[in-house]
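To start, the structure under review is shown below, and the notes come after it.
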Amino acid sequence: MKAVILSATGLFFKERLLAVKEYFENGNVDAVIYASDFQHGTGYVDENAYGGKIKFIHAKPYKKNISVARLTSYSNWCKKAFDLVADIKPDYIYLIVPANSILYRAAKYKKNNPSAKIIADIVDLWPESLPASNGTKKILSPFLRVWKNLRNKNIKAADAVFTECDYYKQILADQNIDTSAFKTLYLFGGDARGDIAYAPSEKLRFLYLGSINNIIDIDRIINLLVEAQKRRPVVLNIIGDGERREQFLNGLAARNIETVYHGKIYDDSYKQEVMNNCDFGLNVYKKNLAIGLTVKSIDYLRGGLPIVNTIRGDTSKMVDEYNIGVNLASDGYDAKKFDSTLYRKNALNCFEKNFTQKMFFASLNRLLALEEHA
């Protein structure tokens with residue numbers, strides 16, 4: 001038996017891709033990953049970086065995170081990918097969604113190959129996560145409807161649908177999609193790190209990790225830090241980069257927030273050293289985005305770092321259930337909440353119960369029951 005795993009978004013979810021490949025191979029299914037060779041923010045990838053475990057299909061480059069050029073690049077990539085699928089004729093086709101257009105191609109393929117089992121893994125929702133005002137969305141509504149329908153009208157072609165969080169199922173159900181058979185498959189964050197060693201300080205130290213883009217709420221982050229600084233000296237560490245880096249750094253400097261900019265860091269040991277010297281990770285996004293869980297928050301928890309959170313759904317529930325940090329109310333900040341240092345062991349506990357490789361494989365076994373179909 002054969003399986004093809006497709007990712008038009010490149011290696012943003014490489015751990016998930018590799019874990020799915022390993023799962024299929026453990027079930028005696030030959031599996032191959034095809035990913036885009038272009039990734040926003042990093043450019044073209046080194047095709048030899050993964051020792052042949054991931055194969056790449058060429059994609060047209062694009063500059064902006066949200067643009068017609070990006071959607072066109074995805075659409076062209078998906079056509080190339082399913083040309084390969086037609087030659088391989090796999091028994092399983094595992095799709096990372098978005099791109100939404102990958103479901104359009106999958107539905108066309110399914111009509112002529114009904115025995116192929118299609119698994120849609122929805123790791124993000126677009127255009128629901130478009131960071132635009134309601135007025136802008138109203139103007140763009142004809143285009144957004146077409147974009148959304150590439151997913152919604154073709155999702156029924158999938159034999160199984162996974163969502164990255166429970167919150168996505170709720171959003172899709174509100175769009176009159178029958179989600180009763182959809183299952184949640186949380187992101188795979190690797191294994192818990194073994195070099196966690198918290199170093200306390202008189203300062204209140206925050207970390208922002210990840211892309212500095214147009215969906216994070218820069219103004220809210222800065223205002224939060226200003227409020228927190230009224231009680232204790234504050235320092236913000238930043239690991240990452242993006243099109244709004246200068247805006248972020250200039251805004252912090254204007255409000256006299258001490259900042260340490262580390263740049264792009266991919267080395268786990270370096271990231272962990274920074275986390276050991278921080279008190280909270282910032283998971284602060286603009287309002288009204290369709291986000292229930294972020295890679296950023298999972299990386300914080302993996303490093304034993306509590307979070308300051310604004311998103312709803314799964315993450316908000318976990319903050320309360322596991323006591324792993326602070327959910328910020330929409331109308332202000334309570335700086336007193338940031339005095340507690342009791343969250344760190346809870347953060348690790350939350351990670352180990354939800355986001356390890358062991359938990360990911362257990363979920364796949366429960367959801368796919370591959371051994372029953374081998």
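Figures for the structure shown
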read-out	value
Segments 66-72, 173-179 sorted - mean Cβ within 10 Å per residue, highest first	66-72, 173-179
The range 204-354: antiparallel DSSP beta bridges as a percent of all, rounded to 5	5
Highest to lowest packing among 252-263, 15-26, scored as the average C-beta count within 10 Å	15-26, 252-263
Alpha-carbon centroid distance for the pair the range 182-258 / the range 17-95, whole angstrom	31
Antiparallel %, DSSP beta bridges [both residues in the chain], to 5	5
Extended-chain gain in nm, criterion 0.36 nm per residue less alpha-carbon gap, Asn113 and Arg255	45.2 nm
Whole-number percent relative contact order across the range 1-150, with pairs defined as alpha carbons under 8 Å at least 6 apart	22
Glu22/Asn276 FRET efficiency (R0 25 Å; Cβ-Cβ; nearest 0.05)	0.25
By average C-beta atoms within 10 angstrom, highest first, the peptides 301-312, 42-53, 182-193	301-312, 182-193, 42-53
Estimated FRET transfer efficiency (Ile139, Asn176; beta-carbon r; R0 25 Å; 0.05)	0.60
Gaussian network model of the chain, springs between alpha carbon atoms under 10 Å - residue of Ile102, Ile238, Ile196 with greatest fluctuation	Ile196
Per-residue [θ]222 nm for the chain (sum of -39500 (n - 2.57) over DSSP H runs n ≥ 4, rounded to 500)	-11500 deg cm²/dmol
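Throughout, read-outs are computed from the coordinates displayed, never taken from laboratory work. All figures in this text were calculated on a predicted structure; none of them were measured in a lab. Cβ coordinates were reconstructed from backbone atoms using ideal geometry, including for glycine residues, and neighbour counts include every protein chain displayed.
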